[in-house]
């Protein structure tokens, strides 16, 4: 069955975006890429520092409120609709709720053919890359590295602490039908 | 009837993005914002300089190919699905095809309640702002300023050559139900 | 006497950057552009939220500490040295200290030929443009609009609330020898 | 003797910027960071695609002209002047001219205490990271990986293909007096 959606899940600074760009370069057909970062960018600026929206604490912990969840649910429906309409879609997300986050996607995805990819990066390495990026609140990477994978099931996993983005992308691309 | 989607159409450097950010700040409810720029960012980099994707000539003229059109159609379906799922959505687009571009949106939007907004900016002013931005190919603004409005019908029009972004946003917000 | 340095002073969101890019496009010779934003970007990330570095309060007020002042003084020396070495240089700055800020530049500039430009933008207009930019703490524009000009003397002033960036740049360019 | 300037030399996508940000985070004193990317950003947009300025060919090869060289010489003088004025300065550069590029810096640096660092990354790895970045012309990394080190002498070298940015930064920081 032809793969219609690729979903990458991993913590902040685990290397998802680099893999996505390599996947778009390597895969012969054009794939659209969306992710939690572009979703947050689509929200009003005032929601990026509010109880009802999304807040990033000084220690890097992220909390989201009711408005965020409601808009996110509609955004997920929209991304899935793009795939149903024929676009090949890559999504990178951070499953802050672990298995519950995956179930939200699964429910929306219905019968679509999905490749689930876990993007692993050990906490200390991700925390170091967070320093190197320079544009993230310190602590996000460490706080998310493990919890986002709890209870989540994958078709394959890649580990960016031990393989380059391009190599990870090629491993994933080999599983795309 | 409650407004579900706001669509802003205007040429490059006509000031759409600034109005969108002001609308998100002014409107009491949270609105998601998407646009042709974020759509192009979601495409593979290799499509940004290809016949089948999108090409920007040295004189600023933009041409799009078959792959672009196919992915755009799916993207439009997805944006509309977000609105159907309950998200309030602002879209900023550049109707390179004028009335034909509007008809593509209208067909996808079905019975949703839409506010159509024309963002005008006289060609010479937009061309000057293109220089001030510094990140656009010179000529895009002038080549698009008029053609994107040909045959398009609006609920209201704003003119950024004669009003600030925030004032334009307030004019639009007053028409949102 | 040939103009060697152009210094633009104005509050946040008064439109300095757009004028600088237009000046670089309009002036026949190549001019390098530096400013307080690129200076802040050159500092360690940890100085951007520290007593000794630079802090932006929730109401947009900016305060700078001893480390910031020491590095800034060295940065000013360096910018002036580029001009002495033959580069034409445009600087955009925010004179938080008004006349005292200008005196610091004057002392470093020595006998160089400088064109001093005040970039005015009435507080309410700048505050609206701050909303339209979407990436600034609300309140910076209003808190800086007037104080940065107190006691400062100029060769000419431009007003971005009543003229486009390109027009302001042409007014300035006409005064460059 | 107290280290006053740290100069990192390496090809495009070799990982210089990440090391710089880690150095700024790790070093106890505040260090300013400048580099060839910020220098190019300070030039007029029109010089970024001109014979006299800087051109990037479709295969990623970079060529620079007379205006670029003249402005670069003045910029180097300015960076050195910042260090003389007391700022600790980190520079990341791409020695397109190999030993000749180093000699230009050495001549300007005079008696300052400099730590010379080579940032190595094997060509294939850098080319892969160029794909992952998505914002560079493909081919720059491969065309620069080796030539920028020809004839250049270093106090130490780091290899980002085999060590994380933070680890490289710590190796360098241990050599800063």
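The values are calculated or read from the model by the stated rules, or taken from the named source; none is laboratory data. Here the structure is a predicted model, which means the values were calculated and not measured. Every residue, glycine as well, gets a Cβ built from its backbone with ideal geometry; the counts of neighbours run over all protein chains shown.
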Note to self: Tell me the residue from A:33, A:52, A:25 that is more than 25 Å from residue B:72 (Cβ to Cβ) and surrounded by fewer than 24 Cβ atoms within 10 Å (Cβ to Cβ), please.
What the structure shows: A:52
Check: Do we find that residue C:14 is under 20 Å from residue C:126 (Cβ atoms) and under 18 Å from the mean Cα position of the chain (by Cα) in this structure?
Finding: yes
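From the residues in the stretch D:115-127 that are surrounded by fewer than 20 Cβ atoms within 10 Å (Cβ to Cβ) and assigned to a strand (DSSP E or B), which one is farthest from the other protein chains (Cβ to nearest Cβ)? If you could, list the steps in order and put the result at the bottom.
Step one: list which residues in the stretch D:115-127 are surrounded by fewer than 20 Cβ atoms within 10 Å (Cβ to Cβ), which gives D:115-116, D:122-124.
Those still in the list that are assigned to a strand (DSSP E or B) too: D:115-116.
Details: D:115: 17, D:116: 20 Å.
Among them, the one singled out is D:116.
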Margin query: Among (1) out of contact with any strand residue (DSSP E or B) (no Cβ under 8 Å at 6 or more places or on another chain); (2) at pLDDT 95 or above; (3) farther than 30 Å from residue C:68 by Cα, there is one condition residue D:52 misses while meeting the rest; what is its number?
Written below: (2)
Note to self: Going residue by residue through the stretch D:142-150, is there one that turns out to be within 14 Å of another protein chain (Cβ to nearest Cβ) and assigned to a helix (DSSP H, G or I)?
What the structure shows: yes
Check: Taking residue D:125, is it under 30 Å from residue B:40 (Cβ atoms) and out of contact with any strand residue (DSSP E or B) (no Cβ under 8 Å at 6 or more places or on another chain)?
Finding: yes
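Filter the stretch C:1-17 down to the residues that are more than 18 Å from residue C:112 (Cβ to Cβ) and buried (at least 23 other Cβ atoms within 10 Å of the Cβ) and list them by number.
C:10, C:11, C:12, C:13, C:14, C:15, C:16 - these are the residues of the stretch C:1-17 that are more than 18 Å from residue C:112 (Cβ to Cβ) and buried (at least 23 other Cβ atoms within 10 Å of the Cβ).
Can you report the number of residues in the stretch A:75-100 which are within 11 Å of the chain's Cα centre (by Cα) and crowded, with 18+ Cβ neighbours inside 10 Å? Give the steps one after another, and end with the answer.
Narrowing the stretch A:75-100 to residues within 11 Å of the chain's Cα centre (by Cα): A:90-96.
When the remaining residues are screened for being crowded, with 18+ Cβ neighbours inside 10 Å, the result is A:90-95.
The qualifying residues number 6.
Output the residues belonging to the stretch A:154-177 that are part of a loop (DSSP other than H, G, I, E, B) and out of contact with any strand residue (DSSP E or B) (no Cβ under 7 Å at 6 or more places or on another chain). Give the derivation first.
Of the residues in the stretch A:154-177, the ones part of a loop (DSSP other than H, G, I, E, B) are A:154-155, A:160-164, A:174-177.
Matches in the stretch A:154-177: A:161, A:162, A:163, A:164, A:174, A:177.
Kindly indicate the residue of the stretch A:57-70 that is part of a loop (DSSP other than H, G, I, E, B) and either touching a strand residue (DSSP E or B) at 6+ places or on another chain (Cβ under 8 Å) or within 7 Å of another protein chain (Cβ to nearest Cβ) (or both) and also farthest from residue A:131 (Cα to Cα) among those meeting that condition. Steps first, answer last, please.
Pass one, the stretch A:57-70, residues part of a loop (DSSP other than H, G, I, E, B): A:57-61, A:65.
Next, from what is left, pick out any that are either touching a strand residue (DSSP E or B) at 6+ places or on another chain (Cβ under 8 Å) or within 7 Å of another protein chain (Cβ to nearest Cβ) (or both): A:57, A:65.
Details: A:57: 17, A:65: 27 Å.
Restricting to residues being part of a loop (DSSP other than H, G, I, E, B) and either touching a strand residue (DSSP E or B) at 6+ places or on another chain (Cβ under 8 Å) or within 7 Å of another protein chain (Cβ to nearest Cβ) (or both), the top hit is A:65.
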Checklist line | Cβ-Cβ under 8 Å pairs, at least 6 apart or on other chains, the stretch B:24-52 side more than 10 Å from chain A (Cβ to nearest Cβ) and part of a helix (DSSP H, G or I), far side surrounded by fewer than 17 Cβ atoms within 10 Å (Cβ to Cβ) and at pLDDT below 95 | finding: B:40/B:48; B:49/B:55
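If I ask for residues that are in contact (Cβ under 8 Å) with a residue 12 or more places away in the chain, buried (at least 22 other Cβ atoms within 10 Å of the Cβ) and within 11 Å of another protein chain (Cβ to nearest Cβ), which ones from the stretch A:128-141 would you list? Step through it out loud before you land on a result.
Start the filter on the stretch A:128-141 by keeping residues that are in contact (Cβ under 8 Å) with a residue 12 or more places away in the chain, which leaves A:129-130, A:133, A:136-141.
Narrowing further to those that are buried (at least 22 other Cβ atoms within 10 Å of the Cβ): A:129-130, A:140-141.
Result: A:129, A:130.
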Margin query: Conditions first: (1) within 30 Å of residue A:43 (Cα to Cα); (2) modelled with pLDDT under 95. Residue C:177 passes all but one, so which condition is the exception?
Written below: (1)
Notebook entry, point to check: Restricted to the stretch A:71-109, and to residues that are part of a loop (DSSP other than H, G, I, E, B) and either out of contact with any strand residue (DSSP E or B) (no Cβ under 6 Å at 6 or more places or on another chain) or at the interface with chain B (Cβ under 9 Å from one of its Cβ atoms) (or both), which residue is nearest to residue B:85 (Cα to Cα)?
Noted result: A:85
Next item on the list: State which residue is nearest to residue B:58 (Cα to Cα) when the search covers only the stretch B:151-164 and only residues that are within 13 Å of chain C (Cβ to nearest Cβ) and over 15 Å from the mean Cα position of the chain (by Cα).
Entry: B:161
Note to self: Can you pull out every residue in the stretch B:142-170 that is within 20 Å of residue B:1 (Cα to Cα) and surrounded by fewer than 16 Cβ atoms within 10 Å (Cβ to Cβ)?
What the structure shows: B:153, B:155, B:156
